[in-house]
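S.K.: Here's a structure for you.
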């Protein structure tokens, strides 16, 4: 996407109809956003326990929300909350801002929302907790990100 952006900087890139799951999926979304995607649109959000409805041709794996048709209950799976790390805090019109990648197993993306709030989403791909350091506006913070998890940090308009 970065090569496309370099060739056509006045064109917007929207990643649509994606299907990424787990912490690895969060890292993929971070990569898309770091490489000029203005959005990420998930494809399948709810199915039943039998993988229906699914018109094919491929098998459908459990996704964000799984419906139990027998008792009409919903199972909100990891991916529902993982996607929420992005959707709840990165608002329409947000602009990606500079952030470093400390190591491949600790992915992050930083954005500034239209209201001035800064947001950083971090995905820890490691099987153990990891420290993540944030420096913003001459203030420093070190946080511990649990193993195989996604975390979001948000700053007020004036920090």
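Coordinate-derived values only; no laboratory data. Note that the structure is predicted; figures quoted are calculated from it, not measured. Note that we place each Cβ from the backbone using ideal geometry, even for glycine, and neighbour counts take in every protein chain shown.
S.K.: Please order 79, 115 by the number of other Cβ within 10 Å, starting at the fewest.
M.R.: By the 10 Å Cβ count, ascending: 115, 79.
S.K.: So, by mean Cβ neighbours within 10 angstrom, what's the order for 146-153, 43-50, 27-34, 1-8 with the highest one leading?
M.R.: Details: 146-153: 16.5, 43-50: 13.6, 27-34: 20.4, 1-8: 10.9.
Descending packing order for the listed peptides: 27-34, 146-153, 43-50, 1-8.
S.K.: Which residue fluctuates the most in the chain, going by a Gaussian network model with Cα springs under 10 Å, if the choices are 113, 41, 54?
M.R.: Maximum among the listed residues: 54.
S.K.: Starting from the eigenvalues of the Cα gyration tensor, five times each then square-rooted, give me the equivalent ellipsoid semi-axes of the range 93-159, largest first, whole Å.
M.R.: Over the Cα atoms of the range 93-159, the ellipsoid semi-axes are 22, 12, 10 Å.
S.K.: Continuing with the same structure: Output the relative contact order of the range 2-154, whole-number percent, from Cα pairs under 8 angstrom with separation of 6+ residues.
M.R.: That works out to 18 percent.
S.K.: Let me ask something additional. Rounding to the nearest 10 and keeping the result within 0 to 90°, find how far the Cα-based axis of helix 78-87 lies from the longest principal axis of the chain.
M.R.: 40
S.K.: Taking other Cβ within 10 Å of each residue's Cβ, how do 20, 122 sort, fewest first?
M.R.: Going from least to most buried by this count: 20, 122.
S.K.: Out of 80, 98, 40, any idea which swings most in a Gaussian network model of the chain, alpha carbons joined below 10 Å?
M.R.: Answer for the Gaussian network model of the chain: 98.
S.K.: While we're on this one: Only Cα pairs within less than 10 Å get springs; with that Gaussian network setup on the chain, which residue of 140, 12, 58 has the largest fluctuation?
M.R.: 58
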